[in-house]
Amino acid sequence: MELLAQVLVSGVLLGGLYALMALGLALVWGVLNIVNLSHGALIMLGAYTSYFLFTVWHIDPFVTLPITAVVLFIVGYAIERGILNFVIRGPMFNTLLITFGIEVILTYLAQLWFSADFRAINPTYAGANFAIAGITIPTVQVLVFAIALGLTIAMWLFLLHTRIGRGIRASAQNLVAARLYGVDPKRIYALTFGLGAALAGVTGGLYGTVSQINPYIGGPLTAKSFAIAIIGGLDNPLGVIVGGLVLGIVESLTALYFGSTYRDVASFGVLLLVLILRPSGLLGRTA
Amino acid sequence: MMLRFLFFVAALAASAVAGAQTVTFGASVQLTGPVANTGRYYKDAYDFAIEKINAAGGVKVGSTQQKIALKLLDNQSDVNLSVRQYSQLLSQDKVNFLLGPFASNFVLADSSIAEKSSVPMVQGGGASDEIYTRGYKYIFGTLPAASDYFGSTIDALAKLNPAPKTVALLYADDSFDVSVAKGTRELLKKAGLTTVLDERYSTNASDFSVLLSRIKSGNADVVLVAGHETEVLNFIRQAKSLGVSPKLYSFTVGVPSADFRQALGKDANGASGMTAWLPSTSLKDQWFGDAEAFAKAWKAKFGYDPDYHAAAGVAAVEAFVNAIQNAGSTDPQKVRDALAKVSFDSVYGHIAFNDKGQISLPQIMIQIQDDKVVPIFAGKDFINKLVYPLPPWDKR
């Protein structure tokens with residue numbers, strides 16, 4: 001019983017990290033209709049940014065998060081204006097190819113600059129934990145969970161209640177009407193992609209604090225984010241929280257009852273089920 | 001026109017002469033991709049060994065002294081690409097002999113190319129028993145059998161106080177690690193230890209919280225993990241954050257590698273592992289002097305410490321040179337037969353292959369203590385004191 005409770009707690013906390021991972025990807029996908037295959041590489045860049053700020057200037061990884069977010073926002077904004085903007089009206093296949101290309105370039109630049117060494121952001125409190133009723137709870141993961149939840153809700157409020165947020169939603173829903181009302185799609189798209197990259201950067205900083213960093217972590221993270229975005233749905237940022245939690249809990253329970261090698265079978269099984277039963281995601285609007 | 005033709009002939013003749021004076025090795029190694037940080041050991045080992053041997057005059061083939069050349073390709077950590085590259089090295093680049101890639105699953109696939117073309121491959125990157133049980137004649141390896149990786153560790157367990165009783169065995173689902181697990185299971189049975197958890201996980205798994213919780217609830221005294229460096233990093237970090245501290249834990253990878261210790265910092269202390277090689281002065285070598293001098297020269301040249309991958313890679317080159325000199329020829333068949341009979345001392349240890357083509361070397365149990373790799377147990381005796389049982393995380 002205690003084991004089950006411990007595994008459930010781990011699953012929920014893992015779900016928080018998953019949700020944060022997918023948040024930026026879902027935002028860009030929902031608004032620009034681009035499945036950003038370089039999302040994982042941006043997470044990787046964020047992880048390195050926080051890593052160097054921590055090891056070179058000894059800035060606490062949680063304090064570096066806003067800095068990393070700003071750095072990645074600029075990177076994302078530049079990528080959108082400099083590259084993606086030219087193909088934004090192109091077929092989905094083109095944008096997939098371009099973002100894949102960006103992923104490859106970022107990955108290999110990272111190996112050139114940072115080498116393939118494994119690194120970890122390891123402040124003294126990285127392994128801290130506390131116990132409630134015999135269940136061990138890692139402190140940093142709780143913070144990650146709180147940040148994921150906070151950012152998701154902030155994103156939701158931002159989209160609902162600010163002028164730029166409404167512009168972003170309007171562009172996603174009806175571009176022609178949005179333009180007629182004075183929304184500049186070029187600016188909105190670059191802002192959105194920048195925001196997506198900033199969220200990836202925050203994820204990277206936290207990922208490096210709980211896991212490990214090397215130039216090649218991006219691919220699997222993109223795949224996972226993709227699955228979470230589909231499970232949760234793209235209409236609402238809260239969807240990724242649901243998607244992340246479902247995936248985290250399903251994976252953990254599968255590892256407990258069926259064995260660790262079945263984790264991916266289970267997570268992609270859930271993905272298939274969602275695609276068949278609720279194609280627009282668990283929180284998506286049904287057609 | 002005539003002049004140009006003469007130049008052409010002259011160039012041809014020159015290249016023919018140059019060709020006659022070099023022995024070319026071909027290799028496809030992981031220079032980029034997820035295992036690039038281990039792949040680099042092989043590139044650097046091949047380069048360094050060939051540079052040293054050439055500086056000493058090269059390799060003696062019959063009555064001529066020849067230089068060694070290396071054609072090295074980057075397989076991007078992709079098995080399928082490495083197979084194509086080894087075919088290309090033989091068919092297009094016409095290399096004389098093959099040096100291996102890193103990792104058992106790569107060697108498994110790539111050695112088929114060597115076997116099909118009847119060109120010998122010597123590799124220091126794959127230890128899986130599977131490589132040597134296919135009856136291949138052209139594959140030789142300088143890493144000892146995967147099934148015995150935990151051999152010295154399990155021998156040491158019997159002499160510990162308090163004696164550990166229960167063991168958890170975790171392994172990734174690839175050729176090398178499955179091979180390690182298979183061998184370890186038998187060793188554990190012989191040692192009379194109870195296995196409370198025996199579980200396979202997916203390669204590149206990043207979340208070990210469930211396995212760690214099961215280790216805790218199963219009260220495993222000892223945890224043995226056969227996996228990859230990223231997994232071991234995650235395992236140790238999550239063990240700390242979940243407060244799981246078995247009396248001893250040991251890993252097939254990472255512990256001897258410099259970047260592993262650097263990534264974990266203090267948290268690496270206490271982790272055990274094994275290595276078939278330590279840079280000691282007792283290992284004499286024709287080209288490098290001894291292993292300690294080799295390790296120093298390596299650090300000075302490449303800026304990081306060598307581990308057994310590096311030494312095993314150098315040994316692969318030296319095995320070829322010895323075999324070519326003994327055969328007095330670069331005929332693949334003759335060199336293959338000479339490889340089967342080589343027996344010499346190297347920076348890595350004594351090199352001789354059994355009838356399957358694999359080297360036999362004992363594993364030395366090691367542990368990270370105060371950020372350094374300390375040899376713990378070899379043969380039948382402790383060399384240094386093992387930190388055992390490991391203190392709980394909050395007391396470290």
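Tell me, Kirkwood radius of segment A:102-158 from alpha-carbon pair distances, in Å?
Evaluated on segment A:102-158, it is 14.8 Å.
From the Cα trace of segment B:143-263, what convex hull volume per residue do you get, rounded to a whole Å³?
104
Restricting to DSSP loop positions (anything but H, G, I, E, B) with no more than 11 other Cβ atoms inside 10 Å of their own Cβ, which trypsin sites (Lys or Arg not before Pro) remain in segment A:68-167?
A:Arg89
For segment A:1-122, state what percent of all Cα-Cα pairs lands in each successive 10 Å bin, counting from 0 Å until the bin that includes the largest distance.
11, 35, 32, 17, 5, 0
Rg(Cα) of segment B:292-352 divided by 2.2 N^0.38 Å?
Taking the Cα Rg and dividing by 2.2 N^0.38 Å, one obtains 1.29.
Would you list which lysines come within 25 Å of B:Lys341, measuring only between C-alpha atoms, while excluding same-chain residues fewer than 8 positions from it?
B:Lys52, B:Lys60, B:Lys67, B:Lys116, B:Lys137, B:Lys284, B:Lys356
Using Cβ contacts closer than 10 Å as the measure, can you line up A:His39, A:His161, B:His309 from fewest to most?
A:His161, B:His309, A:His39
How large is the direction-averaged shadow of the alpha-carbon convex hull of chain B, in nm²?
20.6
When you take every Cα atom in the protein assembly as shown, what is the radius of gyration, and what is Dmax, the widest Cα pair distance, in Å?
That works out to 27.5, 94 Å for Rg and Dmax.
Let me know the charge dipole size of the protein assembly as shown about its Cα centre in debye, to the nearest 20, where only the beta-carbon of Lys, Arg (+1) and Asp, Glu (-1) is charged.
940
Between beta-carbons, use under 13 Å as the cut-off and find the net charge around B:Met274, counting Lys and Arg +1, Asp and Glu -1.
Residues near B:Met274 contribute -3 overall.
When only Cα pairs under 8 Å and 6 or more residues apart are kept, what is the percent relative contact order across segment A:2-277?
About 41 percent, as a whole number.
Quick check: convex hull over the Cα atoms of segment A:151-263, volume per residue in Å³, rounded to an integer?
121
Could you list A:Met44, A:Met1, A:Met92 so that the one with the fewest beta carbons within 10 Å of its beta carbon is first and the one with the most is last?
A:Met1, A:Met92, A:Met44
Between Rg and the Kirkwood Rh of chain A, both from Cα atoms, what is the Rg to Rh ratio?
Here the Rg-to-Rh quotient is 0.97.
With no solvent and one equal point scatterer per Cα, compute the Debye intensity ratio I(q)/I(0) for segment B:299-396 at 0.15 Å⁻¹ and report its log10, rounded to two decimals.
-0.78
If you keep only loop residues by DSSP, which GluC sites (Glu not before Pro) in segment B:133-234 have at most 10 other Cβ atoms within 10 Å of their Cβ?
none
Separation of segment B:206-238 and segment B:153-201 by C-alpha centroid, Å?
Taking the Cα centre of segment B:153-201 as reference, the centre of segment B:206-238 is 14 Å away.
Between segment A:92-143 and segment A:192-222, what is the C-alpha centre distance in whole Å?
Value for the Cα centre distance between the two parts: 5 Å.
Based on the Cα atoms of segment B:42-149, what semi-axes does the equivalent ellipsoid have, where each is the square root of 5 times one gyration tensor eigenvalue, given in whole Å with the largest first?
With the √(5λ) rule applied to segment B:42-149, the semi-axes are 24, 16, 14 Å.
If we count every other residue with Cβ under 15 angstrom of B:Gln286's Cβ, Lys/Arg +1 and Asp/Glu -1, where does the sum land?
-2
Output the 0 to 90 degree angle, nearest 10, between the alpha-carbon long axis of helix B:229-241 and the longest principal axis computed from the alpha carbons of chain B.
20
Work through the residues other than B:Asn219 whose Cβ is under 11 Å from its Cβ and net out their charges, Lys, Arg +1 and Asp, Glu -1.
Taking every Cβ under 11 Å from that of B:Asn219, the sum is +3.
For the charge dipole of chain B, defined by +1 on Lys and Arg C-beta atoms and -1 on Asp and Glu C-beta atoms about the Cα centroid, which residue among B:Phe140, B:Val374, B:Phe150 has the Cα displaced farthest towards the positive pole?
Farthest towards the positive end: B:Val374.
Compute the long axis of helix A:92-114 from its Cα atoms, compare it with the longest principal axis of the Cα atoms of chain A, and write down the angle in degrees, 0 to 90, nearest 10.
50
Any read-out appearing in this document is the output of simple, stated calculations on the displayed coordinates, not a laboratory observation. Not measured: the values here are computed from a predicted model. Don't worry about glycine lacking a Cβ; one is built from the backbone with ideal geometry, like all the others, and counts go over all protein chains shown.
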